[in-house]
Amino acid sequence: MRIYLATSNKHKLAEARHVLSKYSIEVEQKQVKKLEVQADDVERIAEEAAKRLCEQGEDLTVVEDAGLYINALNGFPGPYSEYVYKTLGIPGILKLMDGVADRSAYFKSAVAVCAGSSVRVFVGIAEGNIAEEPRGSGGFGFDPIFIPLGLNKTFAEMTLEEKGEISHRGRAFKALAEWLKKYK
Ligand code: IMP
């Protein structure tokens, strides 16, 4: 089986491919016009983007939207993670967290698929804590400052395989894969 992932992020593509390969699902990258939808949660953003894909007749095409939610900052940056990553970056987030005792945070991924002209959304969450300083060179985005619960390394210190087992994206794509196996 083959699905299409509408993204320009090569890390997302690699992570999705890795998880879905275990279900014998191939992922082809689809270059689409930026489907940016403004909404205040990642589920809605992914869902709306997938609806647009459906309207364009893009069957079995998936969009993913993800964000980092920091509890002490009332969930900031959440759905604004991309903008905040580009503007404040990791140094800005660490500055906001300076002296903050509660460093708990979570990543949320929403994967929406257009299948047979209707949309399904799958959500994955990874709980963890914001590191005191960046560590590791793998992954992308806020990976160097996110330590998943129960571990003492950041996502950026993990292999694709390790991250995929426990990440928000890994979980959301696993849920998609389970559904697709029944759908087809
Ligand atoms: P997007 O809107 O889904 O592309 O993600 C928004 C932003 O969240 C990205 O630019 C990254 O900074 C951050 N982000 C999303 N997923 C991850 C991840 O798995 N690791 C680290 N940062 C992530």
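The values are calculated or read from the model by the stated rules, or taken from the named source; none is laboratory data. The structure displayed is predicted, hence computed values, not measured ones. Glycine also receives a Cβ, built like all others from the backbone with ideal geometry; neighbour counts cover every protein chain displayed. Note: areas computed on protein heavy atoms with side chains; ligands, DNA, RNA excluded. Shrake-Rupley method; radii C 1.70, N 1.55, O 1.52, S 1.80 Å.
Things to note:
- Placing dummy labels 7 Å off each Cα toward the beta-carbon, the span from SER104 to TYR23 is 3.0 nm.
- Selected from VAL119, LEU151, PRO77, residue furthest toward positive end of dipole (the chain; charges at beta carbon): VAL119
- Of the solvent-accessible surface of segment 116-184, computed with a 1.4 Å probe and all protein chains present, 50% belongs to carbon and sulfur.
- Sorting the Cα pairs of the chain by distance into bins of 5 Å, from 0 upward, gives 1, 8, 17, 22, 20, 15, 9, 5, 2, 0, 0 percent per bin.
- Each of THR154, THR87 has its accessible area taken with a 1.4 Å probe; listed largest first, they run THR87, THR154.
- Counted charge near VAL100, where neighbours are those whose Cβ lies closer than 15 Å (Asp, Glu -1; Lys, Arg +1): -2
- Mean accessible surface per residue for segment 2-183, computed with a 1.4 Å probe while every protein chain stays in place, in Å²: 49
- Cβ-based net charge around PRO144, under 9 Å, with every Lys or Arg adding one and every Asp or Glu removing one: -2
- Gained length - SER117 relative to LYS182, 0.36 nm times residue gap less alpha-carbon distance: 21.7 nm
- In segment 2-183, a dipole from Cβ-located charges (positive for Lys and Arg, negative for Asp and Glu) runs towards its positive end, and of HIS18, VAL37, GLY92 it is HIS18 whose Cα lies farthest in that direction.
- THR159 paired with ALA72, simple spin-label distance in nm, labels 7 Å along Cα-to-beta-carbon: 3.4
- Solvent-accessible surface (1.4 angstrom probe) belonging to LYS86, in square angstrom, nearest 10: 150
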